[in-house]
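Report on the following structure.
The values are calculated or read from the model by the stated rules, or taken from the named source; none is laboratory data. Computed from a prediction, not measured in an experiment: that's the story for all the values here. All Cβ positions, glycine included, derive from the backbone under ideal geometry; neighbour counts span all protein chains shown.
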Amino acid sequence: MVNIFKTSKTVALSIDEFFDKIDLGTLNFKKGVQNYIDGNLNEFAQNLKSISILESEADTIQRKIENDFYLHSLMPNYASDILNLLESVDDIIDMSKDVLSQFEVETPHMPEAIKKDYSELVELTAKSAENVVPAARIFFTSPDAVKDRIQKVLFYHRETDVLSNNIKRKIFQEFDSLKLSEKIHLRYFALHIEQVSDTCKNIAHQLSSLVIKIKM
C-alpha cells in the first residue's frame with residue numbers, strides 16, 4: 001500500500017483533523033441525547049450547537065481533502081474508494097446532528113421507565129462510532145490492524161440492534177397508558193439513534209473491502 005502519510009503531509013493532517021471532528025461530533029451526540037433524557041435542556045442546546053459547527057467544519061475539510069486528492073493525483077488506484085470511505089464517515093456526524101435536531105424540534109416525551117433503555121441505546125450506538133473512527137484512521141498507516149476494530153464495531157452494532165428492538169417491543173407491549181401516536185413517536189427516535197450504528201456497520205464493511213483490495 002502507498003502510505004498517504006508519506007505521499008502528502010498536508011493531506012495526512014487534513015484527514016487526521018477530519019477524524020477529530022467526527023470524534024467530537026460523536027461525543028456531542030452522546031452527551032446531547034443524554035442531556036435531553038435528563039432534562040438538561042440548556043446543555044442539550046449547546047451540544048446541538050457544537051455538533052452543527054463540527055458538521056460544517058468536517059464538510060469543509062472533506063472537500064479540501066477531495067480537491068487535494070485530485071489536484072495531486074494521490075493514490076490513483078484507491079482514490080475513489082478512499083473518498084467514498086471519508087464520505088461515509090462524514091455520514092456519522094450528519095446523522096448524529098439530524099437526530100439531535102429532531103429531538104429539539106419534536107420534543108418527544110419519554111416515560112421515566114424507558115429513559116434508562118434510551119441511555120443504553122445511545123451509549124452502544126456511540127461505541128460503534130468510537131471504534132469505527134479509529135479503524136478508519138489506522139487504515140491509512142497500518143491496514144493489518146483494522147480487523148480488530150472492525151470486530152468491535154460489528155459487536156456494538158449487533159448489541160444496538162438487539163436493544164433497539166427490545167425498546168420498540170417494550171413500548172408497544174408494556175406501555176398501555178401511552179397513545180398509539182406517542183408509541184410511534186418513541187419508536188421513531190429509537191430507530192434514528194440505531195441508524196447511526198447502522199452507518200458505522202456499513203463503514204466497517206467498506207474498510208474490510210478496502211483492506212482486501214490493497215492486498216491484491
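Kindly evaluate Ile167 against the criterion of being touching a residue at least 40 places away in the same chain (Cβ under 8 Å), farther than 30 Å from Ile53 by Cα and either part of a helix (DSSP H, G or I) or in contact with a Cys (Cβ under 9 Å, 6 or more places away or on another chain) (or both).
Working: touching a residue at least 40 places away in the same chain (Cβ under 8 Å): yes; farther than 30 Å from Ile53 by Cα: yes; either part of a helix (DSSP H, G or I) or in contact with a Cys (Cβ under 9 Å, 6 or more places away or on another chain) (or both): yes.
Yes, satisfied.
If I filter region 96-149 down to residues being in a helix (DSSP H, G or I) and touching a His at 6+ places or on another chain (Cβ under 8 Å), which single residue comes out as surrounded by the most Cβ atoms within 10 Å (Cβ to Cβ)?
Of all residues in region 96-149, those in a helix (DSSP H, G or I) come to 96-106, 112-139, 143-149.
The next check asks that each one be touching a His at 6+ places or on another chain (Cβ under 8 Å); those that pass are 98-99, 102, 106, 128.
Working: Asp98: 16, Val99: 24, Gln102: 15, Glu106: 11, Ser128: 29.
Ranking the candidates gives Ser128 first.
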Considering only residues that are more than 19 Å from Ile93 (Cβ to Cβ), hydrophobic (A, V, I, L, M, F, W, C) and surrounded by 15 or more Cβ atoms within 10 Å (Cβ to Cβ), which ones fall in region 173-207?
Phe175, Leu178, Leu186, Ala190
Quick one: Leu178 ticks every box in (1) modelled with pLDDT under 95; (2) closer than 18 Å to Thr107 by Cα; (3) touching a helix residue (DSSP H, G or I) at 6+ places or on another chain (Cβ under 7 Å) bar one, so which box is it?
(3)
Suppose we keep only residues that are closer than 24 Å to Glu17 by Cα and basic (Lys, Arg) within region 103-144. Which one would you say is farthest from the chain's Cα centre (by Cα)?
Arg137
Could you pull out every one of the helices (runs of 4 or more DSSP H) wholly within region 1-73 that has 3 or more residues that are crowded, with 17+ Cβ neighbours inside 10 Å?
9-38, 41-71
Filtering region 50-78 for residues that are within 20 Å of the chain's Cα centre (by Cα) and among the basic types (Lys, Arg) leaves a count of 1
Matching residues, region 161-172, being loosely packed, with under 13 Cβ neighbours inside 10 Å and under 21 Å from the mean Cα position of the chain (by Cα):
Val162, Asn165
